[in-house]
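Read the figures in this text as sums done on the coordinates, not as results from a lab. Because the structure is predicted, anything quoted here is derived from the model rather than measured. All Cβ positions, even for glycine, are placed from backbone atoms using ideal geometry, and neighbour counts span all protein chains on display.
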Ligand code: SPV
Ligand code: MG
């Protein structure tokens, strides 16, 4: 762990101030003209790398944490505790706002309320709750995967229950609409987005697999005509050629690059491991690896030693 960051040893006041600062930063980003650009992290180091590149926020990817930290599929197998612990480790590694993917909240209404409560108390900036039934299927799986959504009223009821109980007014709750992913069409997606916005959601993720954006554009046109004043969030994994600015021009306030660091890490590790397997000498990996000093620097190793030596 880097020594220049809070390591859980803050006073309650410092903990609350840090969380409030991040929450206000995210909220002001959502209100400003440019898009908030969040990038998916699967661990603390990824969050640090995201921060170094001056992105606006970190997305704690359920796919990323399930895959990289637990080695299991993103099918609601990761528990609430595992997800929360991962989010806390990521949050401590960065001063950026941290939005945690809480899947469907890990159970029924009471579980969802407790999930939100624990993330709020842990100081996480905000959470995102999707309207998939338990057990969910990752949204990027093809159309052949059977999907079922929670009834709209139930997901709205859950969001309302969270919003009515949160203590910190700045804690951000994002409602995620999976209607387009589930093939239910734009009317259903609009009804759900409006229901979650009325329930108090601070932003809405409208997820889609449509590469052309035709479906999203139809959604946006309808959304603009109603204008509930709630920011929209895009996760453009399956329409990757649109830039954050192009998506903002269409009406999105936040864009999440949810899994590119995970996929880049997988490719990099496979390259290194293939080279080691083929040549059976450490130097085979050299073209693909950073100097170990760079790795030391990323977590403030020399500063930590200096602190220790100064105290000796
Ligand atoms: C995640 O990163 O876990 C997400 C985004 O929920 S997606 O994989 O596109 O569903
Ligand atoms: Mg997810």
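Run the numbers for residue 209 and residue 274: contour at 0.36 nm per residue of separation, minus the present Cα-Cα distance, in nm. Could you put the intermediate results ahead of the total?
Values: separation 65, 0.36 × 65 = 23.40 nm, distance 3.26 nm.
Gain on extension, residue 209 to residue 274, equals 20.1 nm.
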Seminar exercise, completed: Per the C-alpha gyration tensor (a ≥ b ≥ c, the square roots of its eigenvalues), region 256-312 is rounded if a/c is under 1.5, else prolate if a/b beats b/c, else oblate; here it's oblate
For this session: Report, for region 1-149, the % of DSSP beta bridges that are antiparallel, rounded to 5.
Result: 10
Exercise. Where does helix 260-279 land angle-wise versus the long Cα axis of the chain, in degrees 0 to 90, nearest 10?
Worked result: 40
Seminar exercise, completed: Classified through the alpha carbon gyration tensor (a ≥ b ≥ c as square roots of its eigenvalues; rounded if a/c is under 1.5, else prolate when a/b is larger than b/c, else oblate), region 162-222 comes out prolate
Seminar exercise, completed: Packing-ranked peptide list from 111-117, 192-198, 77-83, highest mean Cβ count within 10 angstrom first, is 192-198, 111-117, 77-83
For this session: Report, in whole Å, the centroid distance computed from the Cα atoms of region 179-255 and region 143-173.
Result: 16
Exercise. Measuring from centroid to centroid over Cα atoms, what is the spacing of region 271-293 and region 61-91 in Å?
Worked result: 28
Seminar exercise, completed: The residues 225, 32, 253, sorted from fewest to most surrounding Cβ atoms within 10 Å, come out as 225, 32, 253
Exercise. Counting only the backbone N, which residues of region 160-177 are under 17 Å from the spot 7 Å out from the Cα of residue 188 toward its beta-carbon?
Worked result: 176-177
For this session: Just need the relative contact order of the chain here, percent rounded to a whole number, with Cα pairs under 8 Å and 6+ apart.
Result: 19
For this session: Using a Förster distance of 51 angstrom, determine the FRET efficiency expected from the C-beta separation of residue 217 and residue 309, and round it to 0.05.
Result: 0.30
Problem set entry | Ranked packing of 228-238, 164-174, 35-45, most packed first, by mean Cβ within 10 Å | 35-45, 228-238, 164-174
Problem set entry | With Cα atoms, 0 to 90° folded angle of helix 109-122 axis to the chain main axis | 40
Seminar exercise, completed: Quick note on 211, 136, 22, ordering by fewest other C-beta atoms within 10 Å, gives 211, 136, 22
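From the Cα gyration tensor of region 12-260, with a ≥ b ≥ c the square roots of its eigenvalues, which class applies: rounded if a/c is under 1.5, or else prolate if a/b is larger than b/c, or else oblate?
Rounded.
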Seminar exercise, completed: Nearest 10, in degrees from 0 to 90: the angle of helix 80-92 to the longest Cα principal axis of the chain is 60
Seminar exercise, completed: Counting only DSSP beta bridges fully inside region 12-260, the antiparallel percentage to nearest 5 is 5
